[in-house]
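A short write-up of the structure that comes next.
The values are calculated or read from the model by the stated rules, or taken from the named source; none is laboratory data. All figures in this text were calculated on a predicted structure; none of them were measured in a lab. Note that we place each Cβ from the backbone using ideal geometry, even for glycine, and neighbour counts take in every protein chain shown.
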């Protein structure tokens, strides 16, 4: 296969409700969509998960757009093949910009799967037909509102609840949710909001209220602090922002700082690296799971396919399409099914179709590149 055209769309979708974390509040999501068309007429789609502001990551929509246009797409047009692993090798010399790299890698994987007549899941080695998922609940205006919101999600069929926390919004909301729903599985995610001095306090309230997992309480490079919290903890310590490649995972494993691994394809640079990290974690007996970045149906489809692989054993942060968007970009939308699961699309490639009408409605800018 050779590349005929590449299109870079900048889209914006309104969220169903504001999503607040320790970083801030998101009311809409602006993101990039990569569309690659080959000389044989196949079309591959990938989504760049970078946000408008450099809060979760130093990457932004603007930096990703620049790197895609000036470096990564030209590399792709010069390539002798559209093999995803070959592209990864070709752009390895460019430091960072993992979300931009992942956007192209996912589109290439879509193309490669279609060329073989298999799903992305099958191409990557996945076997599950459904993947277990949970829901992430943002910081709410009040504790009663949080308890009601959690109740809504439980009624919809979600089994695992993850609560966003930060200093001043942690023990009290967790206590209230546990009191209202004594049997549910609760995770918490701080997105680096705490200083290492909070270790003992986090340990106390997380253990007291039966929290199963504490995710990224400290800064991404604070491996020692995470290791201290993990020592003897009755809950898992999950690393997210800290793990960006094989080296960072090895350091965390050696320090005993990670007992649960969150894999986000954008953060680590693509599904191929994400798969390798999960396999390494499994050999270390550390469970892995797929994290979400408020993706549209394109990014969500790629994540669901990856979550079908054997090393991913904990519920993914993927949720149904209507959790975030009233009208997703793809058909069919992702719908929560039995056992708090999403179905893995079975058609060739991604197995979902991009709605051109909805794409045009969400479109804010577009640029097409040709050989």
- [ ] Tally the residues that are closer than 20 Å to residue 187 by Cα and crowded, with 21+ Cβ neighbours inside 10 Å, restricting the search to the range 253-283.
- [x] 10
Open item on the list: For the condition in contact with a strand residue (DSSP E or B) (Cβ under 6 Å, 6 or more places away or on another chain), under 19 Å from residue 6 (Cβ atoms), at pLDDT 95 or above and not in a loop (DSSP other than H, G, I, E, B), what is the one hit in 115, 86, 107?
Closed with: 107
TODO: Check whether at least one residue in the range 344-354 is part of a strand (DSSP E or B) and surrounded by 17 or more Cβ atoms within 10 Å (Cβ to Cβ), and report yes or no.
DONE: yes
Task: Unmet requirement for residue 232, which otherwise passes all of (1) part of a loop (DSSP other than H, G, I, E, B); (2) on the phi < 0 side of the Ramachandran plot - done: (2)
TODO: Look at residue 80 and say whether it is assigned to a loop (DSSP other than H, G, I, E, B), farther than 30 Å from residue 216 by Cβ, in contact with a helix residue (DSSP H, G or I) (Cβ under 9 Å, 6 or more places away or on another chain) and not assigned by TED's automatic domain parsing to the domain that holds residue 328.
DONE: yes
TODO: Assess whether residue 217 counts as being assigned to a loop (DSSP other than H, G, I, E, B) and within 13 Å of residue 165 (Cβ to Cβ).
DONE: yes
TODO: Select, from 301, 281, 227, 310, the only residue that is assigned to a loop (DSSP other than H, G, I, E, B) and in contact with a helix residue (DSSP H, G or I) (Cβ under 9 Å, 6 or more places away or on another chain).
DONE: 310
Open item on the list: With the requirement that a residue be within 27 Å of residue 133 (Cβ to Cβ) and free of Cβ contacts under 8 Å to residues at least 12 places away in the same chain, what does the range 166-207 give you?
Closed with: 179, 182, 183
